[in-house]
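Colleague: Structure provided below as structure tokens; questions to follow.
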Amino acid sequence: LGLGIAGQAYAQFTIPAGATFDVPAGGTFDAGCTPIQLEGSLNVNSGQLATNSNLNIAGTGVLNGLTGSIAVGGNLSSSGTFNAGTSTVTLTDGCVGNVTQLSGNLVFQNLVLSSSTGRSFVIPTGTQITVLGTLTLQGTPGQSIQLVSSGGGTAVINLGPAATVNRTFTTVAGNVQIGATPSAHAIPTLSTYGLWLLSIVIGSIALRFHRHQR
């Protein structure tokens with residue numbers, strides 16, 4: 001079963017607040033080059049959801065990935081709710097330039113950043129992106145994908161405890177980090193009591209040395 005709309009017919013495909021849209025199990029909804037504005041609920045089930053343009057989850061929007069797959073050829077932004085389930089989200093080449101921006105707090109089960117045109121993927125500054133399952137970074141020979149930060153600060157793609165990373169033909173900017181930063185071990189410090197004991201020991205050694213010299 002395929003459900004589709006012509007990209008030229010609509011400036012935007014909107015699921016309004018209070019409405020629910022279901023992709024049939026095993027079915028496909030392909031919006032073509034039309035952006036999707038989600039203000040209600042969208043259930044991907046075990047089907048496929050695709051747009052070659054932008055996908056925005058508004059504050060009232062809920063996207064339930066369930067066991068399906070989601071493909072976006074533009075920006076992916078969320079100020080609403082994304083329940084990943086066991087779905088796979090693929091951000092790839094589409095109808096909107098050669099830059100994809102991610103924004104909002106997004107927790108993925110599986111995330112694929114893929115391009116054959118050297119696409120840049122802009123990761124939000126901070127720790128807003130998390131991958132629990134598999135993170136796939138895939139460019140092509142001579143056309144590596146670029147991971148860059150949305151600002152001057154460090155952008156982090158968090159990895160779950162069981163997450164894996166598959167990476168080919170990928171360039172990661174110096175202020176983009178994949179996985180959490182290992183916590184720095186604290187430098188031991190001496191308490192006042194410890195310093196007092198240390199001074200006694202040093203004093204004792206100095207006194208013995210002085211007597212030995214005599």
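The values are calculated or read from the model by the stated rules, or taken from the named source; none is laboratory data. Because the structure is a prediction, the values reported are computed rather than measured. FYI the Cβ positions are ideal-geometry reconstructions off the backbone, even for glycines, and counts take in every protein chain you see. Surface accessibility is based on the protein's heavy atoms, side chains included, excluding ligands, DNA and RNA. Shrake-Rupley method; radii C 1.70, N 1.55, O 1.52, S 1.80 Å.
Colleague: Is it the case, given these coordinates, that THR140 is modelled with pLDDT of 95 or more and over 12 Å from THR170 (Cβ atoms)?
Modeller: no
Colleague: Moving on. Give the residue, chosen from SER103, SER149, SER79, SER114, that is of a type in the set (Gly, Ala, Ser), at pLDDT 95 or above, over 11 Å from the mean Cα position of the chain (by Cα) and open to solvent by 30 Å² or more (accessible area, probe 1.4 Å).
Modeller: SER79
Colleague: Sticking with this one: Against the definition (within 12 Å of the chain's Cα centre (by Cα), open to solvent by 30 Å² or more (accessible area, probe 1.4 Å) and either at positive phi or in contact (Cβ under 8 Å) with a residue 12 or more places away in the chain (or both)), how does ASN158 come out, yes or no?
Modeller: yes
Colleague: Against the condition closer than 22 Å to THR130 by Cα and either open to solvent by 10 Å² or more (accessible area, probe 1.4 Å) or among the small types (Gly, Ala, Ser) (or both), how does ASN52 come out, does it pass?
Modeller: No; evaluated as a whole, the condition is false for this residue.
Colleague: Is it true that ASN175 is modelled with pLDDT of 95 or more and farther than 21 Å from GLY73 by Cα?
Modeller: Against the criterion (modelled with pLDDT of 95 or more and farther than 21 Å from GLY73 by Cα), ASN175 qualifies.
Colleague: Here's something else I'd like to know. What tally of residues in the stretch 98-123 results from selecting those that are more than 19 Å from THR170 (Cα to Cα) and not hydroxyl-bearing (Ser, Thr, Tyr)?
Modeller: 6
Colleague: So how many residues does the stretch 17-41 have that are part of a loop (DSSP other than H, G, I, E, B) and either of a type in the set (Gly, Ala, Ser) or more than 26 Å from the chain's Cα centre (by Cα) (or both)?
Modeller: 10
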